[in-house]
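Colleague: Input: one structure, supplied below.
Here, each number is a calculation from the coordinates, and none is a lab measurement. None of the values given here were measured: they were computed from a predicted structure. Methodologically, a virtual Cβ is constructed for each residue, glycine included, from the backbone with ideal geometry; neighbour enumeration extends over all protein chains shown.
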Amino acid sequence: MLDIQTTDAAIPATDPATIRREDYRPPDWFIPEIELDFQLGLERTVVRSKLDVRRSKSAKYDAPLILNGDDLLPVNVLVDGKKWNEWKLEEGNLTLPLTGAAHIVEIEVELDPSTNTQLMGLYGSNGMLCTQCEAEGFRRITFFADRPDVLSRYKVRMEGDKQAFPILLCNGDKVEEGEAEGGRHWAQWNDPWPKPSYLFALVAGDLVANSDSFTTRSGKEVELNIWVRDGDLPRTGHAMQALKDSMRWDEEVYGREYDLGLFNIVAVSDFNMGAMENKGLNVFNSRYILADPEVATDADFDGIEGVVAHEYFHNWSGNRVTCRDWFQLSLKEGFTVFRDQSFSADMSSAALKRIEDVRILRAAQFPEDAGPLAHPIRPESYQEISNFYTATVYNKGAEIIRMMHSMMGAENFRKGTDLYFDRHDGEAATCEDFVVSMEDGGGIDLTQFRVWYRTPGTPRVSAKLSHNPQTGTATLELKQSIAAGGAKPGPSEMVIPLRTALLNPETGEHDGEQLLILDKAEQSFTFEGQNDHPVLSINRGFSAPIILENSRTAEELAFLSSHDDDPFARFEAMQQLMTGYLTAQITGTPADRDIILQAIGAVLADENIDRAFLAEIILLPTEAFLGDQMVEVDPQAIHDAREKLRGKIGVQFERKFRRLYKQCVPGEFSLSAEARADRKLRNVTLGYIAASQVEDAAEIAYDQYCDANNMTAMQGALGVLSHLDAEERGHAFESFYTRFKDNALVLDKWFTMQAMSQRSDTIKRVDALSRHPDFTLANPNRVRALYGAFAGNQVRFHDPSGRGYAMIADMVIALDPQNPQTAARFIPQLGRWRRYERGRSELMRLALEKIAATSNLSKDVAEQVSKSLA
Ligand code: 0A1
Ligand code: ZN
């Protein structure tokens, strides 16, 4: 087997800030029990902890107890009941030179949650108090062994003002509550399940609940609550349904039952990520809870279903079996993403879900693999773990699990996961433990497959199908290569499962699909009984996360786009056909456009086609995706070529698009597949009608906006209007603002749609919006809504003047002292500078250097910037 070097190997071994997977050491001290007392206040919270600390049998007799702290000062330290002054504070951590095998350590600290703008640890959000501890936030609440392999039983008493915080929530079960002096009250929460500190959570605030219940398959009753602010209660129904569906699904598909009598979810508006799986108390970005047709699009509804499921599934894949160290993050995240993807596929259309999942993978993960921040799904080193909550660890991680599932089959896969949960319940496990359980339980040898865990980069596979009419055989020759970070690909020996079928060139029929396992650098497969030269349908369902290199002719792709019975492969054939043409156009190579128009004509004429699928298959590849295919990216050339083709398709099929648009007139709102398909196709056809530059485009879009009874239609109309130079545009955006200015999540859409506009004044508009009274750097959703959308706007962010880059760099510099985690997430956009044409490339690098030259950069931003410039 070839050994592939990781990109991280370049970091010098002496760099003290770098943490390495190979340096893992088990803890010297365990803390089986912890008691916490919180005297809560928005500006002053006192935390008293009582730790039962036990020296590990394998630790040295004099190994001191080192407790992590971040921005904390001990007010008081007691050891075995006596005041203790022999502690030292080094780099934030508290060192206690203890000599015995077991002690009781008590520590008091004071916090000011109102100044916690990082949103890690205990912080205030709209008058409520909440926590975020993954990955290293607990050390901002109290001194502790803040590492995932130290598991403790938690007993928590929380006390606060009854008026400000009528609701007091923590992990586990509420065992007691009562009144206290001065208008205060308290609650005692005990969590029977040992957990690492990153799963701790506490919430105190003025909240109301949508309450329901769920009976587990063994007959246990679970109380379910979704806690929100008063007016938001009517928007919690979809999340509650998703929760109950997830609980049932995990019982049916994985045999996993919920293990407490209570499951709480809280929605908060200031949150760095999507949501967090704290034991029995999930904390969510309100964006993934609140929805009704007036404020949420169909995509928002899907996002809620997927994230609620994801967090719920973590109760087993993450909480009952957790990670030994943060290098194992994909153990819980890759597996849980695979579980939530499978759940969503079962809840609606598996084909559309797969298309969506692959779109996300290609948009977010393939560029990671191709850029300076490439890392394996199990990284070898990091400086700041927050930077490794990536599409690679999550989404590519899920693809690795999906490949195991394809190779093992559902039944053996389940035997493997059963064994994994049985063997490691209550433990902090590794990716290797998971793989061994799959081998032992599912009867498969994954020796070579393990290469996926340590190899960054996206494998490239080329396929050549030849036919021998004399022998009636077809031979498929496959070759694989790989490289990360834009290096030149070299041969590789990954295990790549490829679902493959050979289609009859006349009828498109085939006699069954096969799972080919490519596990050598070059390999060939022979198929008997092939009288005609068949058409190759390969990597059906995107069975492996690879790049398939030009293996079919345009004619074959066009044929597949109307004949392939695998919906993903059919969609993919059309995408490849369009991509081939557009990349040729961009580089000035001749290519045939008519074949694309014919292929689109064929799917538009297909009477049996599913309307939602039709809406997907006629969409052009995104500008970003096209850029990823180029050796040297010129965003303007990509934009122009794509718009030209879009316009041509719009003109060619205008009558058909107008007919479809009319047929998709929405009735009463419903989340049924048919109603959703109509909304989707209506928006896509509207886009093409506008692309054809007909005079009434703005009018049609404006009418759609005015008549809309749901956000999907409204957003579709505004999306089209946002690019136009028509007075309807101004009216619609003003009316939208007036109507929704008090709803933060909808106002985010208002910011986003303007930042995504292709108009030439977009940079100016974004700059003005950054000074709008509703804009704030303090809310991550708002920052992402404006600047995240703008940084994804290929043609405007990459304005040749470099103003787009400078704007993002200045924002990062301003945001970093407040919220380093969110600031660091903008670096990868600039980090791809090597891929761009000379002028832009240099300006992007300069923007990065400006950030690099800023004093007191956070670890988060410094790591991303230095790796991007290296
Ligand atoms: N474990 C969560 C993701 C998460 C990670 C870090 C956070 O800190 C701000 C928050 C959430 C998940 O996978 O859902
Ligand atoms: Zn997760």
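Colleague: Taking a threshold of 25 Å on the Cα-Cα distance, which of the pairs LYS155/LYS279; LYS464/LYS488; LYS162/LYS244 fall above it?
Modeller: Numbers: LYS155/LYS279 13 Å; LYS464/LYS488 22 Å; LYS162/LYS244 31 Å.
Correct reply: LYS162/LYS244.
Colleague: Further, regarding this structure: Using the Cα centre as the reference, give the magnitude of the dipole from point charges on the C-beta atoms of the stretch 488-612 (Lys, Arg: +1; Asp, Glu: -1; all else neutral), rounded to the nearest 20 debye.
Modeller: My answer is approximately 580 debye.
Colleague: Hey, got a sec? Which GluC sites (Glu not before Pro) in the stretch 126-231 land in a DSSP loop and have at most 12 other Cβ atoms within 10 Å? Mind showing how you got there, number by number?
Modeller: Details: sites: GLU134, GLU136, GLU159, GLU176, GLU177, GLU179, GLU181, GLU221, GLU223; in loops: GLU134, GLU136, GLU181.
Counting only loop positions with at most 12 other Cβ atoms within 10 Å, the GluC sites (Glu not before Pro) in the stretch 126-231 are GLU181.
Colleague: Report, in degrees rounded to the nearest 10, the 0 to 90 angle that the Cα long axis of helix 727-740 makes with the longest principal axis of the chain.
Modeller: 30
Colleague: Do any GluC sites (Glu not before Pro) in the stretch 651-746 lie in a DSSP loop with no more than 14 other beta carbon atoms within 10 Å, and if so, which?
Modeller: Values: sites: GLU654, GLU668, GLU674, GLU695, GLU699, GLU727, GLU728, GLU734; in loops: GLU668, GLU695.
Within the stretch 651-746, the qualifying GluC sites (Glu not before Pro) (loop, at most 14 other Cβ atoms within 10 Å) are GLU668, GLU695.
Colleague: If packing is taken as the average count of other Cβ atoms within 10 Å, what order do 468-477, 30-39 fall into, highest mean first?
Modeller: On the way: 468-477: 13.7, 30-39: 19.2.
The packing order, highest mean first, is 30-39, 468-477.
Colleague: 5 Å is the cut-off here: which amide hydrogens, built 1.01 Å from N in the peptide plane, fall below it relative to SER770, excluding neighbours closer than 5 in sequence?
Modeller: Amide H neighbours of SER770, under 5 Å, 5+ apart: none.
Colleague: Given the C-alpha centroids of the stretch 285-316 and the stretch 452-475, what is the distance between them in whole angstrom?
Modeller: When both Cα centres are located, 39 Å separates them.
Colleague: Also, I was wondering about something else. Mean residue ellipticity at 222 nm from the helices of the chain, using -39,500 (n - 2.57) per DSSP H segment of n ≥ 4 over the full residue count, to the nearest 500 deg cm²/dmol? Numbers along the way, then the final one.
Modeller: On the way: 29 runs with 329 residues, N = 870.
Using -39500 (n - 2.57) per qualifying helix, the result is -11500 deg cm²/dmol.
Colleague: Would you pull out the residues with amide H under 5 Å of ILE19's amide H, same chain only if 5 or more places away, H placed 1.01 Å from N?
Modeller: For ILE19, the qualifying residues are TYR382, GLN383.
Colleague: A further question follows. Once amide H atoms are placed 1.01 Å from N in the peptide plane, what residues at a sequence separation of 5 or more from ASP799, or on another chain, have their amide H within under 5 Å of its amide H?
Modeller: Result for ASP799 returns GLY804.
Colleague: Have a look at the DSSP beta bridges in the chain and tell me what percent are antiparallel, nearest 5.
Modeller: Details: 98 of 122 bridges.
Beta bridges within the chain, antiparallel portion: roughly 80 percent.
Colleague: So if a site counts as exposed when it's one of the trypsin sites (Lys or Arg not before Pro), its DSSP state isn't H, G, I, E or B, and it has at most 10 other Cβ atoms within 10 Å, what's the longest stretch of the chain without one?
Modeller: In the chain, the maximal stretch lacking such sites is 61-770.
Colleague: Tell me which chymotrypsin sites (Phe, Trp or Tyr not before Pro) from the stretch 216-294 have a DSSP coil assignment and no more than 16 other beta carbons within 10 Å of their own.
Modeller: Details: sites: TRP227, TRP249, TYR254, TYR258, PHE263, PHE271, PHE284, TYR288; in loops: TYR258, PHE271.
Sites meeting the loop and neighbour criteria: none at all.
Colleague: First select every other residue whose beta carbon is under 9 angstrom from the beta carbon of MET276; then total the charges, Lys and Arg +1, Asp and Glu -1. Don't skip to the end; give the middle numbers.
Modeller: On the way: positive: none; negative: GLU134, GLU277, GLU311.
That works out to -3.
Colleague: Would you list TRP189, TRP84 from fewest to most Cβ contacts within 10 Å?
Modeller: On the way: TRP189 24, TRP84 18.
Starting with the residue having the fewest Cβ neighbours, the order is TRP84, TRP189.
Colleague: What are the ³J(HN,Hα) values, in whole Hz, obtained from phi via the Karplus relation 6.51 cos²θ - 1.76 cosθ + 1.60 with θ = phi - 60°, for each residue of the stretch 376-382 in sequence order, with x given for Gly and Pro?
Modeller: x, 4, 10, x, 8, 7, 7
Colleague: Further question: Can you check what the net charge comes to around PHE740, using other residues whose Cβ is under 12 Å from the Cβ of PHE740 (Lys, Arg +1; Asp, Glu -1)?
Modeller: With Lys, Arg at +1 and Asp, Glu at -1, the neighbours total -2.
Colleague: While we're on this one: If the cut-off is a Cα-Cα distance under 24 Å, which lysines reach LYS656, setting aside same-chain residues fewer than 8 apart in sequence?
Modeller: Result set, ordered by chain and number: LYS644, LYS648, LYS680.
Colleague: Also, I was wondering about something else. Within 10 Å, Cβ to Cβ, of LEU207, how many net charges do the neighbouring residues add up to if Lys/Arg are +1 and Asp/Glu are -1?
Modeller: Details: positive: ARG229; negative: ASP206, ASP230, ASP232.
Here the charged neighbours net out to -2.
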